[in-house]
1. Looking only at the stretch 110-124, decide whether some residue is over 15 Å from Leu144 (Cα atoms) and among the aliphatic types (A, V, I, L, M).
2. As an exercise: evaluate Val147 against (1) open to solvent by less than 90 Å² (accessible area, probe 1.4 Å); (2) within 28 Å of Tyr50 (Cβ to Cβ); (3) touching a Gly at 6+ places or on another chain (Cβ under 8 Å) and give the number of the one condition it does not meet.
3. Considering only residues that are in a strand (DSSP E or B), closer than 23 Å to Gly49 by Cβ and open to solvent by less than 70 Å² (accessible area, probe 1.4 Å), which ones fall in the stretch 83-116?
4. Look at Ala146 and say whether it is among the hydrophobic types (A, V, I, L, M, F, W, C) and touching a residue at least 24 places away in the same chain (Cβ under 8 Å).
5. Going through Gly84, Gly49 one at a time, which residue ends up being touching a residue at least 12 places away in the same chain (Cβ under 8 Å) and under 30 Å from Glu149 (Cβ atoms)?
6. Limited to the stretch 54-75, what total is found for residues that are among the β-branched types (Val, Ile, Thr), open to solvent by 50 Å² or more (accessible area, probe 1.4 Å) and at pLDDT 95 or above?
7. Which is out of contact with any Cys (no Cβ under 8 Å at 6 or more places or on another chain), surrounded by fewer than 14 Cβ atoms within 10 Å (Cβ to Cβ), assigned to a strand (DSSP E or B) and not β-branched (Val, Ile, Thr), of Arg28, Arg40?
8. In the stretch 26-46, what residues are touching a strand residue (DSSP E or B) at 6+ places or on another chain (Cβ under 6 Å) and either in contact (Cβ under 8 Å) with a residue 40 or more places away in the chain or of a type in the set (A, V, I, L, M) (or both)?
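The values are calculated or read from the model by the stated rules, or taken from the named source; none is laboratory data. Since the structure is predicted, the reported quantities are computational estimates derived from the model, not experimental observations. Using ideal geometry, Cβ is built from the backbone for each residue, glycine included, and neighbour counts are taken over all protein chains shown. Quick note on the areas: whole protein, heavy atoms, side chains included, nothing else; ligands and nucleic acids left out. Shrake-Rupley method; radii C 1.70, N 1.55, O 1.52, S 1.80 Å.
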Amino acid sequence: AEDLDLYAAKAKKTYTVTFIADNKVVDRVTYTEGDTKLSRVPQIPFKNGYLAKWENYQLADKDIVVRAIYTAKTYIVTFDANGGEGEMERQILAIDVMKPLNANKYTRAGYTFAGWNTKADGTGYTYADKELVRNLTYLNGVTLYAVWEEIPAATHTVTFMANGEVVDKVTFTEGDKTLSRVPN
């Protein structure tokens with residue numbers, strides 16, 4: 001038998017990375033002193049309407065807390081004049097954030113603006129001008145169409161008189177070139 005020299009090995013310390021999302025512990029992963037990366041990283045819990053990532057971290061000789069960073073997804077609201085005229089910029093809105101729609105800038109001769117609709121024919125969801133909205137879509141975007149109400153033409157009345165007495169009254173619509181009748 002030969003002589004054998006034994007030396008005490010310094011035990012490496014272990015540390016813990018605690019992963020937290022929405023103030024809840026998702027997982028705890030241990031690592032050993034001197035490690036430069038973890039053996040595994042947990043999945044971030046899904047949250048509808050949000051993109052997620054773990055905050056940046058670096059292993060060190062201590063316990064670490066790593067939090068999930070959720071960023072609201074955004075979508076684009078495109079405005080369509082739907083027979084009107086003018087220009088409006090698109091609006092970018094974030095999921096789960098309440099914001100007013102942009103004010104209408106379109107015009108249409110003979111019509112008043114009555115709001116927005118998700119369908120050009122007005123059969124979709126209706127929104128008022130500058131209405132506070134949230135989550136119009138979970139997709140990339142939505143188009144809102146201007147809804148127009150025709151302004152009724154003004155009417156006028158011609159009163160026919162003879163010898164100081166009213167003989168007849170005839171009503172006509174503004175823009176008419178002739179009366180529908182003329183009394184005798």
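1. So far as the stretch 110-124 goes, no, none of its residues is over 15 Å from Leu144 (Cα atoms) and among the aliphatic types (A, V, I, L, M).
2. Evaluating Val147 over (1) open to solvent by less than 90 Å² (accessible area, probe 1.4 Å); (2) within 28 Å of Tyr50 (Cβ to Cβ); (3) touching a Gly at 6+ places or on another chain (Cβ under 8 Å) leaves (2) as the failure.
3. Answer for the stretch 83-116, where residues must be in a strand (DSSP E or B), closer than 23 Å to Gly49 by Cβ and open to solvent by less than 70 Å² (accessible area, probe 1.4 Å): Gln91, Leu93, Ala94, Pro100, Trp116.
4. yes
5. That would be Gly84, the only listed residue that is touching a residue at least 12 places away in the same chain (Cβ under 8 Å) and under 30 Å from Glu149 (Cβ atoms).
6. Residues in the stretch 54-75 being among the β-branched types (Val, Ile, Thr), open to solvent by 50 Å² or more (accessible area, probe 1.4 Å) and at pLDDT 95 or above: 2 in total.
7. Arg28
8. Across the stretch 26-46, the qualifying residues are Val26, Val29, Leu38, Ile44.
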